[in-house]
Amino acid sequence: MQIRELKIPDSYEIIPKQFGDDRGVFLEWYRFDRLEEAIGHPLSLAQANTSVSKRGVVRGIHFADIPPSQAKYVTATRGAVLDFVVDIRVGSPTFGEWDSVLLDEQDRRAIYIAEGLGHCFVALTDDATVSYLVTAPFNAPREHGVNPLDREIGLDFTLDDGDLLLSPKDTDAPTLAEAAESGLLPTWEAARAFYDSLNSKGN
């Protein structure tokens with residue numbers, strides 16, 4: 001597989017090598033050792049999640065308090081989604097910026113999103129099925145959101161606004177500026193300190 005760092009530090013696109021024949025296709029969609037080489041420490045996986053979404057569904061922008069927050073390794077096993085990583089770490093050189101990866105059942109790419117980063121996706125097809133490997137169990141009091149329609153962030157969903165379907169939880173979430181002003185967001189300094197602690201354990 002190929003692993004490429006995205007323009008948001010600590011996020012990566014994973015492109016698996018697929019082996020096809022008349023029976024179908026085989027691929028490795030997650031390799032802990034290859035990912036460890038890229039991020040500096042092994043993932044300690046704690047939970048696996050799956051979501052199924054109709055076309056136009058937007059989920060996010062979600063994040064969790066750091067530490068421990070929740071790193072995510074995400075892929076689509078059916079249909080297609082445009083997956084976004086948003087830098088919400090106050091003080092980061094790319095604060096407020098985003099990058100995206102198309103996850104679908106053709107290229108079967110994955111995206112790795114480190115702790116403290118925001119995550120969001122839009123379903124481009126019906127029955128878009130997304131699977132996540134995460135490093136910490138869901139903990140509701142420590143889970144937060146930023147409004148995915150925040151114009152300051154400017155996510156490009158590639159669909160008309162009228163085609164988007166969001167939960168009240170996500171549309172009621174604060175903007176990035178509001179979340180920063182309230183002290184809700186993680187900081188670049190805290191994130192880097194946490195990554196360093198993980199890397200030292202890995203070594």
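The values are calculated or read from the model by the stated rules, or taken from the named source; none is laboratory data. Note that the structure is predicted; figures quoted are calculated from it, not measured. Every residue, glycine as well, gets a Cβ built from its backbone with ideal geometry; the counts of neighbours run over all protein chains shown. Accessible surface areas use protein heavy atoms only, side chains included; no ligands, DNA or RNA. Shrake-Rupley method; radii C 1.70, N 1.55, O 1.52, S 1.80 Å.
Taking the residues in the stretch 127-138 that are closer than 26 Å to R31 by Cα and either in a loop (DSSP other than H, G, I, E, B) or without any contact (Cβ under 8 Å) to a residue 40 or more places away in the chain (or both) as candidates, determine which candidate is most open to solvent (accessible area, probe 1.4 Å). Break it down into steps so the answer makes sense when it comes.
If we filter the stretch 127-138 for residues that are closer than 26 Å to R31 by Cα, which is where we start, we get 128-138.
Among the residues that remain, those that are also either in a loop (DSSP other than H, G, I, E, B) or without any contact (Cβ under 8 Å) to a residue 40 or more places away in the chain (or both) are: 135-138.
Values: T135: 30, A136: 12, P137: 82, F138: 123 Å².
By that ranking, first place goes to F138.
Kindly provide the set of residues from the stretch 132-169 that are in contact with a Ser or Thr (Cβ under 6 Å, 6 or more places away or on another chain) and under 16 Å from A114 (Cα atoms), ordered by number. Spell out the reasoning first.
The first filter runs over the stretch 132-169 and keeps only residues in contact with a Ser or Thr (Cβ under 6 Å, 6 or more places away or on another chain), leaving 135, 147, 150.
T135, the sole residue that qualifies.
Among the residues of the stretch 33-43, is there at least one that is at pLDDT 95 or above, small (G, A, S) and exposed (fewer than 12 other Cβ atoms within 10 Å of the Cβ)?
Looking through the stretch 33-43, none of the residues is at pLDDT 95 or above, small (G, A, S) and exposed (fewer than 12 other Cβ atoms within 10 Å of the Cβ).
Does any residue of the stretch 49-58 turn out to be open to solvent by 70 Å² or more (accessible area, probe 1.4 Å), under 15 Å from the mean Cα position of the chain (by Cα) and of a type in the set (V, I, T)? Spell out how you get there, then give the answer.
Taking the stretch 49-58 and keeping what is open to solvent by 70 Å² or more (accessible area, probe 1.4 Å), we get 50, 52, 54-55.
Add one more test, that the residue is under 15 Å from the mean Cα position of the chain (by Cα), and what stays is 50.
Adding the requirement that they be of a type in the set (V, I, T) leaves 50.
Yes.
Quick one: which residue in D196, D156 is among the charged types (D, E, K, R), under 23 Å from Q47 (Cα atoms), at pLDDT 95 or above and exposed (fewer than 13 other Cβ atoms within 10 Å of the Cβ)? Before the answer, list the steps.
Numbers: D156 fails: under 23 Å from Q47 (Cα atoms).
None of the others qualify; the one that does is D196.
Cβ-Cβ under 9 Å, sequence separation 6+ or interchain: first residue in the stretch 24-43 and more than 18 Å from S197 (Cα to Cα) and free of Cβ contacts under 8 Å to residues at least 60 places away in the same chain, partner charged (D, E, K, R) and surrounded by fewer than 12 Cβ atoms within 10 Å (Cβ to Cβ). Which pairs?
E28/K17
Among the candidates A190, A173, single out the residue that is part of a helix (DSSP H, G or I) and surrounded by 15 or more Cβ atoms within 10 Å (Cβ to Cβ).
The conditions single out A190.
Considering only the stretch 112-163, state which residues are of a type in the set (S, T, N, Q) and at positive phi.
The one that is of a type in the set (S, T, N, Q) and at positive phi: T158.
Identify, please: which residue in the stretch 1-32 is part of a strand (DSSP E or B) and of a type in the set (D, E, K, R) and is, among those, surrounded by the most Cβ atoms within 10 Å (Cβ to Cβ)?
E13
For K201, only one of the following conditions fails: (1) touching a residue at least 60 places away in the same chain (Cβ under 8 Å); (2) open to solvent by less than 60 Å² (accessible area, probe 1.4 Å). What is its number?
Only one criterion is unmet by K201, namely (2).
Give the residues of the stretch 70-113 that are among the β-branched types (V, I, T), open to solvent by 30 Å² or more (accessible area, probe 1.4 Å) and closer than 22 Å to S182 by Cβ, sorted by residue number.
Listed by number, the list holds a single entry, V90.
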